[in-house]
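The values are calculated or read from the model by the stated rules, or taken from the named source; none is laboratory data. Quantities reported herein were computed from a predicted structural model and do not represent experimental measurements. Using ideal geometry, Cβ is built from the backbone for each residue, glycine included, and neighbour counts are taken over all protein chains shown. Side chains are part of the model used for accessible areas, which takes the heavy atoms of the whole protein and leaves out ligands, DNA and RNA. Shrake-Rupley method; radii C 1.70, N 1.55, O 1.52, S 1.80 Å.
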Amino acid sequence: MRTHAAKRIEIIIEAPLLRRLSRLLDEAGAPGYTVLPVLAGSGVSGPWTRDGQVSAAGGMCTVLIVTSPEKAEALMEAAFEVVEPHIGIVSMTDCQVVRPQLFDRSSGEG
Amino acid sequence: MEFFALAGQNLLSPIVLFFVLGFAAALARSDLTVPEAVAKGLSIYLLFAIGIKGGVGVAESGLTPLVAGSLAAGFVLSAAIPFLAYALLRVMTRLSVTDAAAVAGHYGSISIVTFVAMTSVLDGQGVPFEGHMVAAAAVMEAPAILSALFIASTRGSDRAVSGELIHEVMLNSSIVLLVGSFIIGWITGPAGLERIEAFVVSPFQGVLCLFLLDMGLLAGRGIRESRGNLTLGLIAFGCAMPLIGAAFGLGTGWLLGLSTGGIALLTTLCASASYIAVPAAMRVALPEANPSIYLTLSLGITFPFNLTAGLAIYFALARMIGG
């Protein structure tokens, strides 16, 4: 099967900031993204878990974006603008996709 | 003697015992947990039920100048208490300006579960209270957040208060649900409540017990994992500040001419500290503030203090001055 190079950006962010991040990603031309719940973890701010939380303050979530290499830099900058003063991780890895047109909004599909 | 009898009765009530169960289970590292979705569902039920009942109370009593006075007083108290809390924190602890401002904001805002627990005490004692105190609780959620941000911004923090943040704070889910249910209860009145009574009234205490089990688990986990963030000064603040806030609520309730039940509720609102709306707002607005300090202090120290000792104290004082 023929595959195409793409970038996979993963952002782990505090739940209260999700709306702000989504807006900035839309403005930066993200072709789309997927939000995943995060169960628990531990980091420099100590351990946490989503169990029993009634406030969004104690929760984290993951935002996944697959995009074209040309768009990836702008999206990373948009994401980092939100995450920089907060608890969170922004990472980017190379990946392969089958339908590249889905991940490049400029192509008009996706 | 009456105070000790009430305190003992309160300590052995199902809601306090379920809180203690959760707290002990978390400290003992039990795997007992309440799933996040269930905890949020319980919280939605409690806000919905308390809002409806408060609205029905206002439908029965009518709109009086006392309602407007209570709402205005609630707003002023919520906005003012953070300044006092901040000053006290700077004296009693070594918290940074940002941490102290964030903690102060929690103490100006309210804990709706502590409020609900006081309504449960009042119901148990057969003491009526003004339904509009629910609206006062909703009014007191947000001003403290703005005061905390003001304190931080005037003392060195470069965080500005954005319109987006104000929108998020004013329309946070607990305020919308509480105010919305209150208005629906007000519109539909006792006849409307009668139609949903089996869902709103009878299961209330049981749901509250489950919610307090979850609060106990969260509080115990917070204490266990606070990693030495809680100094003696902070713990002393977490027990002293509710009493200071309570004094303001007590005096204001008396000046307003509230009933004994109303005074007890306003006192409880001023004594309680937020752990739902304010922490979320602080994560967005003051990210440098350490969440393990303000969450543990509010949920791990002040909430248990209010639940086990505060409620009996506030009720006894309200009865003393309210008659």
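In nm, to one decimal, how far is the A:GLU70 label point from the B:ALA5 one, both placed 7 Å along Cα→Cβ?
8.2 nm
Taking the Cα of A:ARG19, stepping 7 Å toward and past its beta carbon, and measuring to each backbone N in the range B:162-193: which are under 12 Å?
B:163-176, by backbone N distance to the label point.
At 222 nm, what helix-only mean residue ellipticity would chain A give, in deg cm²/dmol to the nearest 500, using -39500 (n - 2.57) for each DSSP H run of four or more?
-7000 deg cm²/dmol, from helical runs alone.
I'd like the Kirkwood hydrodynamic radius of chain A, using the inverse of the mean 1/r over distinct C-alpha pairs, in Å.
About 14.7 Å for chain A.
What's the center-to-center distance, using Cα atoms, between the range B:8-30 and the range B:102-119 in Å?
When both Cα centres are located, 19 Å separates them.
So which residues of the range B:268-311 lose at least 50 Å² of accessible area, probe 1.4 Å, when you go from the chain by itself to every protein chain present?
Hits at the 50 Å² cut-off: B:ARG283, B:VAL284.
How much accessible area is lost when chains A and B come together, counting both sides, with a 1.4 Å probe, in Å² rounded to the nearest 100?
Approximately 2100 Å² gets buried when A meets B.
Using DSSP to call loops (not H, G, I, E or B), can you name the GluC sites (Glu not before Pro) in the range A:12-110 whose Cβ has at most 13 other Cβ atoms within 10 angstrom?
Answer by residue number: A:GLU109.
Could you let me know the centre-to-centre spacing of the range B:228-301 and the range B:157-220, using Cα atoms, in angstrom?
18 Å
A drop of at least 30 square angstrom in accessible area, chain alone versus all protein chains together, probe 1.4 Å. Which residues of the range A:52-66 meet that?
Those are A:GLY52, A:GLN53, A:VAL54, A:SER55, A:ALA57, which lose 30 Å² or more relative to the chain on its own.
Mind computing the radius of gyration and Dmax over the alpha-carbon atoms of the range B:1-124? Å is fine for both.
18.6, 51
Within the range B:196-323, what whole-number % of the accessible surface is contributed by carbon and sulfur, with the 1.4 Å probe and all protein chains included in the calculation?
72 percent
In whole percent, and with a 1.4 Å probe on the protein chains, what portion of the accessible area of the range B:1-72 is carbon and sulfur?
With neighbouring chains kept in place, the figure for the range B:1-72 is 74 percent.
Shape of chain B from its Cα gyration tensor (a ≥ b ≥ c, root eigenvalues): rounded if a/c is under 1.5, otherwise prolate when a/b > b/c, or oblate?
The shape class here is rounded.
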